Structure formats: structure tokens, C-alpha cells
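Data block below; observations after.
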Amino acid sequence: MTTSDQNPLSATALPSYPGSADLVRSVVGQALALRGLTKSFGGRPAVDHVDLDVPTGSFFGLVGPNGAGKTTTLSMVTGLLRPDAGRVIVAGVDVWTDPAAAKARMGVLPDGLRLFERLSGPELLSYLGRLRGIPAEVVSARAAELITVLDLDDAGNKLVADYSTGMRKKITLAAALLHSPAVLLLDEPLEAVDPVSARIIRNVLHRYTTGGGTVVFSSHVMALVEGLCSHVAVMANGRIIAAGELAEVRGSAASLDDAFMHLVGASDVQEGGLSWLGSSQV
Amino acid sequence: MVGVFASLKWRLVTSRLRATRGATRAWLIVGMVVLFLFLGLITFGLASLRMLPDVALPVITTMFAVQLIGWVLTPLVAFGVDETVDPARFALLPLRPQTLQVGLLTSSLIGYFPVANMIVLLGAAVALGVPWSVLPIAVLCAAAQLLLCVVLSRAASTSMSGLMASRRGRDLGMAVGLLIFLLYMGFVAVINNPGDGNALQGGTEAVASVLQWTPPGALATLPNLVATGQWAHAGLAAVIALAALGLAWWWWSVALARSLTTVPSTTAGSSPAGDSHDTAVGVGVRGTMQVVAGRDRVLLWRDPMRRMPWLMLAVLTVVWPFLVVRGQGAVFAVTLGAIFCGAQAGNQYGVEGSGLWLHLQTITDRTRARGEVLGHAITAVLPGTVVILVAIAVQAVARDDYPNVPAALGVCFGAMLGAVSAACYLSAALPYAQPQSRKSLFASSVPGQKGRTAAASLGLIGGGLAVALPAVAAVVLSLTVDPAWGWLALVLGPLAGVIALVIASRMTANRYLENSTEIFAVVSAGDRV
């Protein structure tokens, strides 16, 4: 048996969190609140004592370069990854002390995870809706409406395994919306999605926030975040380095992109070097 | 360029060893030494066949043919076992097809599997090289046999690579896997035929007389033809072998050129799903169980990865007792199939890879978690019950063994329910990742988790046997004291099984809720393979 064969399930206890009901009371009005959220992999911190407040009804963008810790943070928020420390309050419920109540209040669209591939889109929605305890006829009506709005009618009874990337994002979004959650947590929802599907997804998300829902979504496409979000948090090296209303974070910079480059300390490609590039005679 | 391919393959072959340290490395080396000692034993056994030339020729002729078929079919069943021979990985490199082909041939000859084949073939060469003067010819023939195996195998796998890149193609590979299993069962049934003591020897000779005209058969018979001065026949054998090698090389080059310049169709979809009319709702244990079992029932037939094992074990459960037990008592041999039926409830959380996140979001309390466990369990228990009933009925009728039926039913149901219970609990206690690329029906674990997979598999067999013990005790009494005790087995087996399942479902649900994120991390590794 190799070392990786050793039981990784030994750490069964929930991490101890500071505070109790006081914290939940103190974040009333916030759809999502993170306090001291921390996660390390092999001793290297991926998310480092993150504090964040997401106001109810906001369209909140979590931006950062690849490896900044966005997906790790969202995984801990959605209950897919156990934090080393810290607390996550979603719609007034602590995710790690009352996961059942918290997960009933959230809709999730993760990035790069599989679905139940051998079910068709309608079957997937029907299954997940009924598993959440929603009556079959209600699930059926909502699923049909979501499929129409998300332009998935043409897929018919095609298996999810045969869906394109855009279709997969849309059916996952439909599954996330099916139980009408208070908060939507979306990890790179428009990554590798065609423009038509992207427009449809954006419209649905707008309608959702107009109805009072809160959207938290991660992205590394600044123009997208600037065009969609009311609030934004910039993440780098596992920490939140700026957060607030979009205009506030952007400050005096010409665009969010420029502000982001300044905040994360990145610079454009320097002059000089690469003189050989483009000179190949082969 | 050949050197580059050879060094690339050598690094890949030795990477596992280089990546390990200490005791793990020591065990790996010990394992390899044991394997090579075992191979040495086979080689020695083959080489000693030179004392029995009448036996050596038909046996090695058949062996050569089986070896070639094995080489050709293995990549179809388990495509991707050797990434250095997947042409798609070289498509963007500025290489001429001829250079690539020679490089790939070199890669194919380096590795544990080809070396093992070389060692065994050396033993065959010694057996065929009678007298010693024709040994060089026998060695040449053995080398040509290895080349033929490699070239034909690569030609077939390259031709199939486009097909195997699509999900539908891989589903087809699973069907081929089932076919091979059925052929194997048929083969075992034929050679086990007790009616004629010489069936095995006579059968092999008859088969070999036909096979000698095939390329591998021609290579096996060539040394003997030279030794006995049958020059015309020897020339014909040489032509058959060389022509086959040339044709296989040509086929490979054509397939390689095509695979490097065309994009396989990956849009070929499956048959669309039918309309689903399930109306169960996940409220309470019973409701959740019905919802989960409803999905499992659909997938049981729709997903080849779930369907094929059931078809295999249905055949195994009915046929296997005929092979291992003569006369009365064969009904009890159905127990093995019963345990395998129960095993189908195994690794519940790993089947869908990272798709488990959908359940992590929806199955969040103890009631639903228990419902899910029972839903998966019932999907194994219901078809398992049918398989057991049919298998025992077939054995009882064929062997006229009705008195043992109640006892056998008791043991089988106890074993199946015990295996289901152990499978449920081990799903949460010892989950493992299942390769989600579905390249092979037989690839059930991912690198680094083979130990977990083996432990979980053995654990559920042990669980099945343990729960069947009360029924087994009653069976012993029925066989030694009074057949009426068999009826007690019929009560004890299912009773112990149901109790085990109720307890296991509670323990599994608790363990799942405590460890769901860790289970998710373990099983998500299947996405990468």
C-alpha cells in the first residue's frame, strides 16, 4: 500500500470556530459573511484568514488571478471543502454547523465538476428537485420553465454527457435555481461559454437579482465583472485585498482591469527580451 | 529519434519506482522480483516441454495464437493503458509518419508487459529448438512473434483510437469485454468437460493443426519444419509469417497517417433518454430511497459500466456452479454469485466521480443520507434476488437437488444482504475513485488508490461471508443431522442479512455525513483518469 493509500478520512471532527450565535446576529442583512476563513494544502495557505461581507440583493464578483484562492473559497462556502478555520454564514445560517439549512438556501454552480452524466437534462432536474423534497408536479413545472428560459428545449432528452460546455453550465444553473435559493454561488459561470449562452445566463442572473436574490460569482474576466456586478472583491495569494462597491474598488483607475493590475501588483510585459520571437526562418 | 522515444518510455516505466521512497519502494521491488520469479517458473516449465516434442508443438502453437489475440484485444478493452502509443499525443509534433512509427514500435517494446512476453517467449523458443542446432531459428521465430504481436496490436488500436476517443466507442469496448468474458466461460466449460478424459489433449492437437496455417502458428512450427527437412512447408510458413508482419506494418502505417490527419467525431451521441415519470419525493427515508433507487434503476440499464457487470455476474452465478461442483450440492456454489450481486452496491459515493457534489448539496441530513444508502442497496438487492432465484432453480433442476434448495436460498440471501451491508458501510469508510473516462470495464481503480480498492473489495466479500455464517451453521446441521434444518437456514440467512443492512445503513449515513467532504476529495480523483 502506498502512502496515498493511507486513510485520508482520519480528520473527521469539524474544525472549531470562534464565536457562536453572536456572529450570525451581527451579519443580518448580509447574504454571505466569511470570518477568518482559512485553508492550507501541504502547509501552503490557499485561503488565508479571509473576511468578507456580501450584501443581500447584490451582484457580487469575486475576482483574482489563477491560483488566487477563489475556487477554494467558494468550495468552503458551498460545503464541498472543509475549512481549517473560520466561519461561513449563508443567509443567516452557519454552513458548517447546520449544513442542511444552509444548503437549502444556496444554489451552486461549481467549475469543472461532473454531473450525473447519463441522465438527460429534464431527468437531472427532476431527480434533484424531488431529492430536495419538492413535489413532482412543482419540479416538473419549474424544470420546464427553466429549460425554456435557458434555451435548452432543443436538447430534448439528450444525455448530459453529450452536452456542450455552454449547455452544461445552463443545466447546472437550472439545477441551482430549481429550489429558489436565497443565494447563488457560481464559480466561473461563463468560462468557455459561447456568446449566445453567456447572454442567456447573464439575463437569467439579472432577473434573479432583480427579484431579491444574491449572486456571488468568481471570474478572472474583468470586463465581465465590470459589466455585471454591483460589488466586487479582489483576491490574490489567498487574501482579499480590496472589497466593496464596484466604483469604490475601481477608484480613479480607467477600468476595473487597470485597478486590478494595480491591486495585485502585476505589470505589463516589459520592453526588451524575446528578440528572437518571430525571426524564425524554418 | 528512436532514442528519444526509448528514453521517454523508460522514464515513464520507471517513474512509479522513482516517485516512491522507503518501505513502499522496497515492496515494489519485492513485488517485481516475485513477479519475475513467477515468470521464470513459467519460462522454465515451457522450456522443459522440449523433452516432450509431441506436446510442445501443439501447446506452443496454441499459446502463440492466444498471445496474439490477447495483444490485439487488450487495447480495445483497456485503451489508454500505454499513453506512449496513443497517436493523438504525437499529432502536433513535426514528425514524419515513418519516423513516428519506428519510434512507437521502440516504445511498445519497452515496458513490463513486453519484457514479460519476451521472457516467456524465450522459454517457448527453447522448447521449440529441438535439436539445439535450430535454437537460433526458434529464437528468431519468438522475436518475430513478439514483433507481430506488437505491430498488429498497435495497428488495431490506432485504427480504433478515433472510435475509442468517443464515449460511444468506449461503451463498445465494454461490450467486447463482456464478449471476452463469455468466451472465457465457454472455454472453461469445454475444457472441463468430464465426459472424455482426453478432451483437453485431443482438442489442443486438433486446434493446433488448424492454427499452424496462421501467422503465429507458422512461427511456432517453423523450427520443427526446418529440423525435419520439410523445406517447402517451412518456406510456406516463413512466407505466411513475413507476409502477416508486412501487412500488419502497412496497416499500422495507414492507420497512423489517418489518425494524425483526421479529427475523430466526438459528437456521436448516445440514444436519447426515454421520458421519466418518477413521482417519488425525497421526504423521509422511504421517499429518498425511492427517488435514489428510481435513478439507479434507470442507470442500471442505460449505463454500460453498471449494465455489463450485471450481465457478467448473471452468467457467472448460473454457469459457475456447473464448472466447480459435480452432482448434488452445486446449489450452494451460487453463494459466490450472490456475494458478487451484493458487491454491486459497493463504492456508492465513487461511481459518479466529482458528480457526488450534486448529492452533497441535496442529501444533507441523516434521514436523506439513510434513504440514499437504502436506495442504492435496493438497486443491488432486487436484481440480485432474481439472479439467485434463477441460478438456484437451474441448479436444482439440473442436478435434481431439491432438498438443498431452502438451505441454499438461506445462505445465498444471507451472503448477498451481508455483502450489500458491507458494501454500503465500506462506501463511506473506505471510498475509492473510479476512473470516469470509462476506458475499460476492468479498470476499477486509479493510480495511488489500488490498495484502497483491493481492501474495499475484500472487505465486502468478508462481510458477506460473516453475515451468512448463521445460515451456514444451519446448513451444516441440515447436511449432517436432518435436512429440515435447511428451513432454519432459510429463515436465518435473510434475517441476519436484513438486520445487518439496517445497522449498516445507519452507520453508513453517519459516516457519510461526518466525512462527506473527505469522501468527495477521494472520489473526485476519478475525474482525472
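The values are calculated or read from the model by the stated rules, or taken from the named source; none is laboratory data. What you see is a predicted model, and the numbers here were worked out from it, not measured in a lab. Here the Cβ is made from the backbone with ideal geometry for all residues, glycine too, and neighbour counts use every protein chain on show.
For the reader, a short list of remarks on this structure follows.
- Verdict on B:VAL386 being more than 30 Å from A:ALA174 (Cα to Cα) and either away from every other protein chain (no Cβ under 14 Å) or not in a loop (DSSP other than H, G, I, E, B) (or both): yes
- Looking only at residues of the stretch A:64-92 that are under 18 Å from A:VAL183 (Cα atoms) and more than 14 Å from chain B (Cβ to nearest Cβ), we find that the one that is surrounded by the most Cβ atoms within 10 Å (Cβ to Cβ) is A:THR73.
- Count of the stretch B:519-529 residues, restricted to those that are assigned to a helix (DSSP H, G or I) and touching a Ser or Thr at 6+ places or on another chain (Cβ under 8 Å), is 5.
- The stretch B:241-261 residues that are part of a helix (DSSP H, G or I), paired with ones that are of a type in the set (Lys, Arg) (beta carbon under 9 Å, 6 or more apart): B:ALA248/B:ARG154; B:TRP252/B:ARG154; B:ALA255/B:ARG154; B:LEU256/B:ARG154
- Test: residue in the stretch B:26-35 that is in contact with a Gly (Cβ under 9 Å, 6 or more places away or on another chain), in a helix (DSSP H, G or I), in contact (Cβ under 8 Å) with a residue 12 or more places away in the chain and surrounded by fewer than 13 Cβ atoms within 10 Å (Cβ to Cβ): no
- Within the stretch A:148-167, none of the residues are touching a His at 6+ places or on another chain (Cβ under 6 Å) and facing another protein chain (nearest Cβ under 9 Å).
- Against the conditions (1) farther than 26 Å from B:VAL522 by Cα; (2) modelled with pLDDT of 90 or more, A:SER26 satisfies every one except (2).
- Enumeration of residues in the stretch A:42-58 that are surrounded by fewer than 24 Cβ atoms within 10 Å (Cβ to Cβ) and touching a His at 6+ places or on another chain (Cβ under 8 Å): A:PRO55, A:SER58
- B:PRO435 meets each of the listed conditions (1) within 14 Å of chain A (Cβ to nearest Cβ); (2) assigned to a helix (DSSP H, G or I); (3) of a type outside the set (Gly, Ala, Ser); (4) farther than 19 Å from B:ARG366 by Cα apart from (2).
- Pairs are defined by a Cβ separation below 7 Å, a sequence spacing of at least 6 or placement on different chains, a first member in the stretch A:167-183 that is part of a loop (DSSP other than H, G, I, E, B), and a second member that is of a type in the set (Ser, Thr, Tyr); the pairs so defined are A:ALA182/A:THR214.
- The requirement of being modelled with pLDDT of 85 or more and either over 20 Å from the mean Cα position of the chain (by Cα) or surrounded by fewer than 18 Cβ atoms within 10 Å (Cβ to Cβ) (or both) is satisfied by B:THR99.
- In the stretch A:40-55, the residues that are more than 29 Å from A:GLY213 (Cβ to Cβ) reach residues that are of a type in the set (Asp, Glu) with C-beta atoms within less than 8 angstrom, at least six apart or across chains, in these pairs: A:SER40/A:ASP84.
- Scanning the stretch A:237-264 for residues that are surrounded by fewer than 20 Cβ atoms within 10 Å (Cβ to Cβ), in a strand (DSSP E or B) and of a type in the set (A, V, I, L, M, F, W, C) yields a count of 3.
- Residues located in the stretch B:304-334, provided they are surrounded by 21 or more Cβ atoms within 10 Å (Cβ to Cβ) and either outside any helix (DSSP H, G or I) or within 11 Å of chain A (Cβ to nearest Cβ) (or both): B:PRO304
- Positions within the stretch A:99-116 being outside any helix (DSSP H, G or I) and more than 7 Å from chain B (Cβ to nearest Cβ), in sequence order: A:ARG105, A:MET106, A:GLY107, A:LEU109, A:ASP111, A:GLY112
- Residue within the stretch B:512-526 that is surrounded by fewer than 24 Cβ atoms within 10 Å (Cβ to Cβ), more than 14 Å from chain A (Cβ to nearest Cβ) and modelled with pLDDT of 90 or more present: no
- Filter pass, A:LEU190 being within 12 Å of A:GLY107 (Cα to Cα) and either under 13 Å from the mean Cα position of the chain (by Cα) or in a loop (DSSP other than H, G, I, E, B) (or both): no
- For the stretch A:152-190, a residue qualifies if it is surrounded by fewer than 16 Cβ atoms within 10 Å (Cβ to Cβ) and either under 15 Å from A:LEU205 (Cβ atoms) or among the small types (Gly, Ala, Ser) (or both), and the qualifying residues are A:GLY156, A:SER164, A:SER180.
- Those residues of the stretch B:339-372 which are part of a helix (DSSP H, G or I), out of contact with any Gly (no Cβ under 7 Å at 6 or more places or on another chain) and either away from chain A (no Cβ under 14 Å) or over 25 Å from A:ALA175 (Cα atoms) (or both), in sequence order: B:PHE340, B:ALA343
- From B:ALA454, B:ALA473, residue being under 18 Å from B:CYS341 (Cα atoms) and either in a loop (DSSP other than H, G, I, E, B) or not assigned by TED's automatic domain parsing to the domain that holds B:SER15 (or both): B:ALA454
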